[in-house]
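Trainee: Quick one: structure below, then a few questions.
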Amino acid sequence: MTTKTEQQLFVGPITSHAFNGALDKLVVSDNSTSVYVYAKQSNGKWTKETELQKHIERVKCVDWAPNTNRISTCAGDRNAYVWNLNAETGVWEPSLVLLRIERAATYIRWSPAEDRFAVGSGARLLSVCFYDNEHDWWVSKHIKKPIRSTILCVDWHPSNHILAIGSCDFKCRIFSAALKETNDKPEISGWMPKLSKFSALLAEYETQGWVHSVKFSPSGDRLAWAAHDASINIVHMDSKDSVIRSLTPSLPLLSIIWASEGSVVCAGHDNYPSLYNINGDTLSAGTRLDVKEKKAGGGMSAMARFQQLDRTGADTKDSTLGTTHQNAIVELRVTATGGDGTCTQFSSVGMDGKMVLWNLDALASSIADLKI
Amino acid sequence: MAATLKPYLNAVRHTLEAAMCLENFYSQRVERHLKPEVEMRSSKEVLFAPLEICRNDREKVLIEGSINSLRMSIAIKQADEIEKILCHKFMRFMMMRAENFFILRRKPLEGYDISFLITNYHTEQMYKHKLIDFIMEFMTEIDKEISEMKLCLNGRGRVCAVEYLKMFSPTVEWNVSEE
């Protein structure tokens, strides 16, 4: 099994991507107002199937609800749309979402039960949107206090009524999102020791940089977030005050996902994903998952070298980097999980327009001492 | 003198590598606006603390970063009047053609000779490591270029002066009639 399969989808950057439940369709936004749905062909390559065009500013984030088969997109034009697939015509039709935000929408995520989604915005508030049957649109409720700056990332807890927000005011916060309108019956849990209503702040953590990515572990017991001070922070709900913090030697990380309950995969401006393991109170040094393949064959001939020196002033031709992604990795997604819930495959999209699918089990065998 | 050059350039390179981690960011102040935050300076939390790297009191670099843009200003060594004029003219020549340079700013910051403005668009379209290589090469070459221009200038000045003053030197012309 190959360690990774890559495909250059666009010339420009990919801002966001999401897979459907069966992993044969992909919704992806390039740095424009359109969103494209790609389908996987039998040879493993992804080809463009349809274009979803409704936004008038750049689409910042997309998400696909796997069970109800709905796509949600949000853009800088302060709008978000939920796209439903019309079974007869095969066309994706947008439906209205009343976000009521005054600035750009930056992040969108479906909840685990897919009855609601959260939209973060530059208006310093989060909109939790749920369906209103009466008027056939999606209405929102806002979480405002005490968020002081643009929201960069949101993640839902598996219980469907707790969410974590990372924002530009250097803080990672956990809120209760229990809605009366959808008849939520929240239970007391480690994150919510006493029943809290909507928008109650459950926990707040401070870092030294903008929080780029926040993720609950698959069970929901742990929360991990990556900040612009090149740190990875992990906290367990039973010991909310002790945060495991690891300052990585790399450039800031933009995306973090859980490979299992005790390990995270993260990637960012360093252009390669790396795996970190939780050992008790500490985070182990990350193993780089992007192993450079040694190029067979020697370098350039002397003649070619002088020609290059004459033409460009530098005697090495290669300006490509040694990593698979040639620019920052923007988003990671878990695409396949094994029997015990550990991630076996994840995808990464970058600002170089590439999408790469990484097979963790093949990587585990090829890289020595890689534990997941 | 040369001993300070390498650590100086190293420090600038590492700071640029860290500061060039840019991403798209819609303005928080005005809806639908996408402006370089380092120029707008509207929200304090998305700006970095400016960093000044000085080689000596005259040569320094100011790097101001933000979430979607980076501004780098260079103060070039100008030892005497001639170098000041040459530097000013050279920088002005480049800054007038700033569109073709993409990352150049049309006006330098107060107290500096040239400024670069790199936004997330530039890092999306161009290789980040190549942008840094370009700026580092610029910094190393600029001193050499100005010295070369000064030498040329002095050389030409000398040649012109000699030719001109030849007219006024006493002529070695013997009067034939005197004999």
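Trainee: Taking the Cα centre as origin and putting +1 on Lys and Arg beta-carbons and -1 on Asp and Glu beta-carbons, what dipole magnitude results for segment B:35-106, to the nearest 20 debye?
Mentor: I would put it at about 200 debye.
Trainee: Follow-up question, since we're still on this one. Pop out a list of residues from segment A:228-273 that are at least 20 Å² less accessible with all the protein chains around than in their chain alone; 1.4 Å probe, no ligands or nucleic acids counted.
Mentor: In segment A:228-273, residues shielded by partner chains: A:HIS228, A:LEU251, A:HIS269.
Trainee: So which lysines pass the test for B:LYS144, namely a Cα distance under 18 Å, with those fewer than 8 places away in the same chain ruled out?
Mentor: Cα-Cα hits under 18 Å: B:LYS6, B:LYS60, B:LYS77, B:LYS84, B:LYS89.
Trainee: To continue, here is another question. What residues does segment B:108-157 have that are buried by at least 40 Å² of accessible area in the full protein assembly compared to the chain on its own, 1.4 angstrom probe?
Mentor: Buried on complex formation: B:GLU124, B:TYR127, B:LYS128, B:HIS129.
Trainee: For chain B, how big is Rg over Rh, using alpha carbon atoms and the Kirkwood form of Rh?
Mentor: Numbers: Rg = 23.6 Å, Rh = 19.1 Å.
Ratio of gyration radius to Kirkwood radius for chain B: 1.24.
Trainee: Could I ask something else about it? Once you've got the GNM for chain A with C-alpha springs shorter than 10 Å, pick whichever of A:ASP238, A:ASP310, A:ASP77 has the biggest mean-square fluctuation.
Mentor: A:ASP310
Trainee: At a 1.4 Å probe radius, carbon and sulfur cover how many percent of the accessible area of chain B?
Mentor: 59 percent
Trainee: Okay, next question. Run the numbers on segment A:83-132: which residues show a drop of 50 Å² or more in accessible area, chain on its own versus all protein chains together, using a 1.4 Å probe over heavy atoms?
Mentor: Output list: A:ARG103.
Trainee: Under a point-charge model restricted to the Cβ atoms of Lys and Arg (+1) and Asp and Glu (-1), what is the dipole moment magnitude of segment A:1-61 relative to its Cα centre, in debye to the nearest 20?
Mentor: Charge dipole of segment A:1-61: 60 debye, to the nearest 20.
Trainee: Next up: Based on the alpha-carbon gyration tensor of segment A:1-40, what equivalent-ellipsoid semi-axes (square roots of 5 times the eigenvalues) come out, in whole Å, largest first? Walk me through the numbers before you get to the answer.
Mentor: Numbers: eigenvalues 74, 41, 11 Å².
Working from the Cα gyration tensor, I get semi-axes of 19, 14, 7 Å.
Trainee: To the nearest 100 Å², how much accessible surface do chains A and B cover up together, summed over both, with a 1.4 Å probe?
Mentor: 2600 Å²
Trainee: Projected onto the charge dipole of segment A:35-97 (+1 at Lys/Arg Cβ, -1 at Asp/Glu Cβ, origin at the Cα centre), which of A:THR68, A:ALA39, A:ASN84 gives the Cα projection farthest towards the positive end?
Mentor: A:ALA39
Trainee: Something else: At a probe size of 1.4 Å, how large is the accessible area of A:ARG109, to the nearest 10 Å²?
Mentor: About 20 Å², ignoring ligands and nucleic acids.
Trainee: Counting only protein heavy atoms and using a 1.4 Å probe, what share of the accessible area of segment A:1-139 belongs to carbon plus sulfur, as a whole percent?
Mentor: 48 percent
Trainee: What does the convex hull of the alpha-carbon atoms of segment A:166-246 project to on average, in nm²?
Mentor: 5.6 nm²
Trainee: Next up: Towards the positive end of the charge dipole of chain B, with charges on Cβ (+1 Lys, Arg; -1 Asp, Glu), say which of B:TYR127, B:ILE53, B:PHE138 has the farthest Cα.
Mentor: Of the listed residues, the answer is B:TYR127.
Trainee: Pick out which of B:ALA161, B:ALA75, B:ALA18 has the largest mean-square fluctuation in a Gaussian network model of chain B, springs linking Cα atoms closer than 10 Å.
Mentor: For chain B, modelled as a Gaussian network with Cα springs under 10 Å, the answer is B:ALA161.
Trainee: What aspartates and glutamates sit close enough to A:LYS197 to cross-link, taking a C-alpha to C-alpha distance under 13 Å and skipping anything fewer than 8 places away on the same chain?
Mentor: A:GLU181, A:ASP184, A:GLU187
Trainee: Moving to a separate point now. Counting Lys and Arg as +1 and Asp and Glu as -1, each charge on the Cβ, what is the dipole of the protein assembly as shown about the Cα centre in debye, to the nearest 20?
Mentor: Values: 65 positive and 67 negative charges, 115 e Å.
Rounded to the nearest 20 debye, it is 560 debye.
Trainee: Roughly how many whole Å is it from the C-alpha centroid of segment A:140-167 to that of segment B:112-148?
Mentor: 40 Å
Trainee: Can you give me the Cα centroid spacing of segment B:16-85 and segment A:317-353 in angstrom?
Mentor: Using only Cα atoms, the two centres lie 31 Å from each other.
Trainee: I've got another one for you. Rounding to the nearest 10 and keeping the result within 0 to 90°, find how far the Cα-based axis of helix A:302-312 lies from the longest principal axis of chain A.
Mentor: 50 degrees
Trainee: With the full set of protein chains in place, find how many percent of the accessible area of segment A:210-309 is carbon and sulfur; take the probe as 1.4 Å.
Mentor: Numbers: 2300 of 4250 Å².
The C+S portion of the solvent-accessible surface of segment A:210-309 is 54 percent.
Trainee: Per residue, how much accessible area does segment B:1-127 show when a 1.4 Å probe rolls over the protein heavy atoms, in square angstrom?
Mentor: Ligands and nucleic acids excluded, the result is 50 Å² per residue.
Trainee: Compare the Cα positions of A:TRP258, A:ILE278, A:TRP191 along the charge dipole of segment A:156-291 (+1 at Cβ of Lys, Arg; -1 at Cβ of Asp, Glu; about the Cα centre) and return the one farthest towards the positive end.
Mentor: A:TRP191
Trainee: When the Cα centres of segment A:238-279 and segment A:205-231 are compared, how far apart do they sit, in Å?
Mentor: 8 Å
Trainee: Also, I was wondering about something else. Setting aside same-chain residues fewer than 8 positions from A:LYS194, which lysines have a Cα under 28 Å from its Cα?
Mentor: Result set, ordered by chain and number: A:LYS141, A:LYS144, A:LYS145, A:LYS171, A:LYS180, A:LYS185, A:LYS215, A:LYS240.
Trainee: Here's a follow-up. When only DSSP loop residues count, what GluC sites (Glu not before Pro) in segment B:87-159 have their Cβ near at most 13 other Cβ atoms within 10 Å?
Mentor: Sparse-neighbourhood loop GluC sites (Glu not before Pro): B:GLU110.
Trainee: Rank A:SER219, A:SER250, A:SER72 by mean-square fluctuation in a GNM of chain A with C-alpha springs under 10 angstrom and give only the top-ranked residue.
Mentor: Looking only at A:SER219, A:SER250, A:SER72, the largest GNM fluctuation is found for A:SER219.
Trainee: Still on this structure: Whenever you get a sec, line up A:SER111, A:SER42, B:SER42 from highest to lowest accessible area (probe 1.4 Å, protein heavy atoms).
Mentor: A:SER42, B:SER42, A:SER111
Trainee: Quick check on segment A:7-106: what are the equivalent-ellipsoid semi-axes from the Cα gyration tensor, as sqrt(5λ), descending, whole Å? Present the calculation step by step, with values, prior to reporting the outcome.
Mentor: On the way: eigenvalues 98, 56, 22 Å².
After diagonalising the Cα gyration tensor, the semi-axes are 22, 17, 11 Å.
Trainee: Here's another thing I want to ask about it. Once you list every other residue whose beta carbon is under 11 Å from the beta carbon of B:PRO7, what net charge do they have if Lys and Arg are +1 and Asp and Glu are -1?
Mentor: Computed value for this residue: +3.
Trainee: How would B:TYR164, A:TYR107, B:TYR127 rank on accessible area, largest to smallest, probe 1.4 Å?
Mentor: So the residues, ranked largest to smallest area, are B:TYR164, B:TYR127, A:TYR107.
Trainee: Let me ask you something else. Need one value for B:28-35: mean number of C-beta atoms belonging to other chains within 10 Å of its residues' C-beta atoms.
Mentor: Averaged over the peptide's residues, the number is 5.
Trainee: With the other protein chains left in place, how much accessible area per residue, in square angstrom, belongs to segment A:198-303 at a 1.4 angstrom probe?
Mentor: In whole numbers, segment A:198-303 has 41 Å² accessible per residue.
Trainee: Would you calculate, for chain A, the mean residue ellipticity at 222 nm contributed by helices, counting each DSSP H stretch of 4 or more residues as -39,500 (n - 2.57) and dividing by all residues, to the nearest 500?
Mentor: -1500 deg cm²/dmol
Trainee: With equal scatterers on the alpha carbons only and no solvent term, can you work out the Debye log10 of I(q)/I(0) for chain A at 0.12, 0.14 1/Å?
Mentor: Those come out to -0.90, -1.21, one per q.
The values are calculated or read from the model by the stated rules, or taken from the named source; none is laboratory data. Quick caveat: nothing in here was measured; it's all calculated off a predicted structure. Counting neighbours? That spans all protein chains shown, and the Cβs are built from the backbone with ideal geometry, glycine included. Each accessible area value is taken on the protein alone, full model and side chains, heavy atoms only, with ligands, DNA and RNA left out. Shrake-Rupley method; radii C 1.70, N 1.55, O 1.52, S 1.80 Å.
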